[in-house]
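Working notes, beginning with the structure itself.
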Amino acid sequence: MSELKITGNPTPVVGKEEFYSVNQLLANSIPTKNLDGSKPNPFEYPVEWSVHILENGKWRKTKENDKKGIKVTYKFIQQSLERKGIRILAKRGDQVARLDVKPHKAESPKIDSIEFLDKNGKKPTKPFAYGQTLKARVHCLHMENRRVYATLWEDDAAGAGHNKANEKNKMKTLHGTVKGGIADIDFVLEPDFAKIANAIKAKGDSSEGKTHEYYVTAEILNKKTASKNTNVANPDDKVTKAKPATPPKPAAPKKQTPAQKKGPSKKQKKEKSIGDDVIDWWEGLFKVKPIIVPNPQAPTGNNPLKTGEADKNPKEDKKEGPNCGEKFCIKKGDKSELIREINIRLAGFGGNVPTDEFTDRTEKMIKQFQRDYMKVPETGKVCGNVLKAVDEFCNKWVEKISDYTCLCKNVHSITNKCSGFGKGRYNGEYSSSSKIERYHKYERPGIHRALLWGTSTLRFYLSKQDVYKYLWKTAGYRCWEHNNSVPRTSTNHMGKAVDIQFSKNGITIGGKRESNLPLLRDINDKFYSKYLNAKYQWVNGKNNFSIEPIGLGTNQTYSWIHLDVREFDNEYLDDKYFVKTQEKITNGSISELAKKLGFLNTCMCNSGGNNSDTKPQEDAENDKRIDPKKLKASSKAKLFIKDWEAFKPNLYNDDSEDHHCTIGYGHLVHSGPCNGSEPQEFKNGISKERGLQLFDLRIADFEKAVQRDITVPLYQYEFDALVSFLFNCGENFFVLKKAPKLYKHLLNKEYDDAAKEFLDVTSGGLGGLVKRRKAENNMFLNNIYDSNH
Ligand SMILES: [Zn+2]
Ligand SMILES: [Zn+2]
């Protein structure tokens, strides 16, 4: 009998699918034809595959790698590099074959060369002309299916290769995907490029001459590779112009070649965003912002924001209501169902229980919410503006119930799964003689709302910084079926707990590692403890959020953080606080509830800290310039900026020189190109809703930058123009002295001169930027918000 043998790569590359097979037939023992003349059926000899790893001197069979068939595939993960030994076993009948494999790292990606081709992919036989398509073919190594960014430059510097002197001649950055070792990236030589090329001359050159020289750079891991130069006829060169025999066709817009016809529409799209997913954000914007604004003109009607209304002059906001001098505000000592609702929804701001009383804690909670979320003076009282902000907070940060459904759904061996949140069993039964909540076996009917909103608040605070990022939930609900399958006896996750996973500086905190512990403790201190007032190890946990101890021991958490409400008093763990549907998490608009409960005056009253979005804005629009510290970007400005940024659901390298890794509406993920270290949330792609959240958070950084750097008074629209400008150029653009004239004029209160300087910051005249600067100039000078482009 011939031996069973495995054929396949013994040194597989991590992340790459590798094929493994056994010798097809046992040549000596199995006839090539059966006795009846039919072919032998290979399935009569099933081959079973498994993968084993060497741990502590013993081979352990891994769970998920069993396969069947003559030929199978395995893909090894990064972790496999650290294994002491990995063995693939194939069994057929009583025959066993083994293959020891040693995975190795993927080779580092590299750009080999760049060549120029015409639009049909042929080698060009004559110089390119404006209006034509120049195909840059980037030859790559170890970069299959990766994205490559290429930039087209006009060369004014001596010698070949990329030169800093050409920074102003950057024409366009596009991307392509590597297939079969190459990425083809088509650049349309837009007639506008000729103008730029002619406007910027090399030192000492009086004109650009008959031809413009172009080259392309492509980059990976911050390493630029440049093509050779190629010539493009200069349509504006006098000598060229004088010769009617060589007409520079592209300048005439009426007579277009098919290639040109495609050009402009593509161009407009690309200028808005380089990427495949140009989505009209207008549509999304209004869908995801159903903030219910109580309208005092018609107190019984509810007035959700409708398409178009968001763009109204912010002055309209005046209708919100007068300052009632806190007369109608809800405050300490009051009692109502409205207060209970607020205590639930803002529970994460310092911690609270679902009581209907306005307690000391409620007051503290409102203050924290006013300070950190609303950014208004702390009064600790609830008036119309607070109610509105609560609704806004809930719309923005509501949790997804689907993230919490019971883990039994993922366990194949559990046959009697629950429908997501247990089966309501064991109410009042304890797994110990001590009848405390810790041992209460009750499968609660859903997830506790205070826990859900606490988690929302946690995400809100985490989003304010870039070091630690919220990634996902590892566990929400776990019913008894799931417990028994492990087995485990703890009951916290039966509606009262959530486990969350994080990253630090883009790197996932995962695995059972000692090195995770200080990071988790830091997150606990800086967020859970600081903002949610969560108690470590349940100590002093009474009516507070609690954290399971962090460590490598049993009943400790080593790569996630566990938050629960187990230490709430019984009355605060009533069934009514547990929910299992998405709608029930929020349970309607709080402003509407206030009206229903008769707090009409409260809703209309706006006292207790004006949101700076209203009053100062009026001043700034109406009469005099005011201190920028009192200003925020107006809703018009936000719409304007979003329009220029366009929404991208997936990670991309932005258009800047360093191709920073970006997502959503221009949200910077980290500096430098995307490199795989990005949080999983971003790698999966984000929704428009999330994009808008990130945008709203991000805009605050630029408001702050203007407030920090501009010390002279501004009108609202001047402030808005500067926010848009910095959003595009970088928050430190002024301090880095990148626009010294603009900055100087501003600080000298030479507003008109400052406005003119906007027009000069265009990265050497890039079409899209020229238009944006014009629009910002128009905003700054004339209070006109026009984002058409
Ligand atoms: Zn279950
Ligand atoms: Zn847990």
Does at least one position in segment 510-524 carry a residue that is within 16 Å of ligand 2 (Cβ to nearest atom), part of a loop (DSSP other than H, G, I, E, B) and within 26 Å of residue 364 (Cβ to Cβ)? no
Test residue 396 against the criterion of being within 20 Å of residue 476 (Cβ to Cβ) and either in contact with a helix residue (DSSP H, G or I) (Cβ under 8 Å, 6 or more places away or on another chain) or surrounded by fewer than 15 Cβ atoms within 10 Å (Cβ to Cβ) (or both), and give yes or no. no
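Here's the yes/no breakdown for (1) free of Cβ contacts under 8 Å to residues at least 24 places away in the same chain; (2) among the small types (Gly, Ala, Ser); (3) surrounded by fewer than 14 Cβ atoms within 10 Å (Cβ to Cβ); (4) in contact with a Gly (Cβ under 8 Å, 6 or more places away or on another chain):
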{"position": "650", "(1), (2), (3), (4)": "no, no, no, yes"}
{"position": "659", "(1), (2), (3), (4)": "no, no, no, yes"}
{"position": "662", "(1), (2), (3), (4)": "yes, no, no, no"}
{"position": "665", "(1), (2), (3), (4)": "no, no, no, yes"}
{"position": "671", "(1), (2), (3), (4)": "yes, yes, yes, no"}
{"position": "679", "(1), (2), (3), (4)": "no, no, no, yes"}
{"position": "682", "(1), (2), (3), (4)": "no, no, no, no"}
{"position": "692", "(1), (2), (3), (4)": "no, no, no, yes"}
{"position": "709", "(1), (2), (3), (4)": "no, no, no, no"}
Please indicate, with yes or no, whether at least one residue in segment 571-593 is touching a residue at least 24 places away in the same chain (Cβ under 8 Å), within 16 Å of ligand 1 (Cβ to nearest atom) and not basic (Lys, Arg). yes
Go through segment 474-523 and give me each residue that's more than 16 Å from ligand 1 (Cβ to nearest atom), touching a helix residue (DSSP H, G or I) at 6+ places or on another chain (Cβ under 8 Å) and closer than 25 Å to residue 567 by Cα. 500, 502
Taking helices (runs of 4 or more DSSP H) that do not extend beyond segment 717-784, which have at least 3 residues that are under 29 Å from the mean Cα position of the chain (by Cα)? 767-782
Find the residue count for segment 63-85, including only residues that are farther than 18 Å from residue 21 by Cβ and either at pLDDT 90 or above or not in a loop (DSSP other than H, G, I, E, B) (or both). 6
So, in segment 383-420, of the ones that are of a type in the set (Phe, Trp, Tyr) and more than 16 Å from ligand 2 (Cβ to nearest atom), which residue ends up nearest to residue 328 (Cα to Cα)? 393
Among the candidates 442, 430, single out the residue that is buried (at least 20 other Cβ atoms within 10 Å of the Cβ) and either at pLDDT below 95 or more than 16 Å from ligand 2 (Cβ to nearest atom) (or both). 442
Cβ pairs under 9 Å, 6+ apart or interchain, first in segment 191-215 and closer than 16 Å to residue 152 by Cα and part of a loop (DSSP other than H, G, I, E, B), second at pLDDT below 65 and not hydroxyl-bearing (Ser, Thr, Tyr), ordered by first then second residue, are 200/208
Return the residues of segment 771-789 that are touching a Leu at 6+ places or on another chain (Cβ under 8 Å) and surrounded by fewer than 20 Cβ atoms within 10 Å (Cβ to Cβ); say none if nothing qualifies. 774, 777, 787
Suppose the filter is within 18 Å of the chain's Cα centre (by Cα) and small (Gly, Ala, Ser); does residue 691 pass it? yes
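The values are calculated or read from the model by the stated rules, or taken from the named source; none is laboratory data. Remember, it's a predicted structure, so these values are computed and weren't measured experimentally. Every residue, glycine as well, gets a Cβ built from its backbone with ideal geometry; the counts of neighbours run over all protein chains shown.
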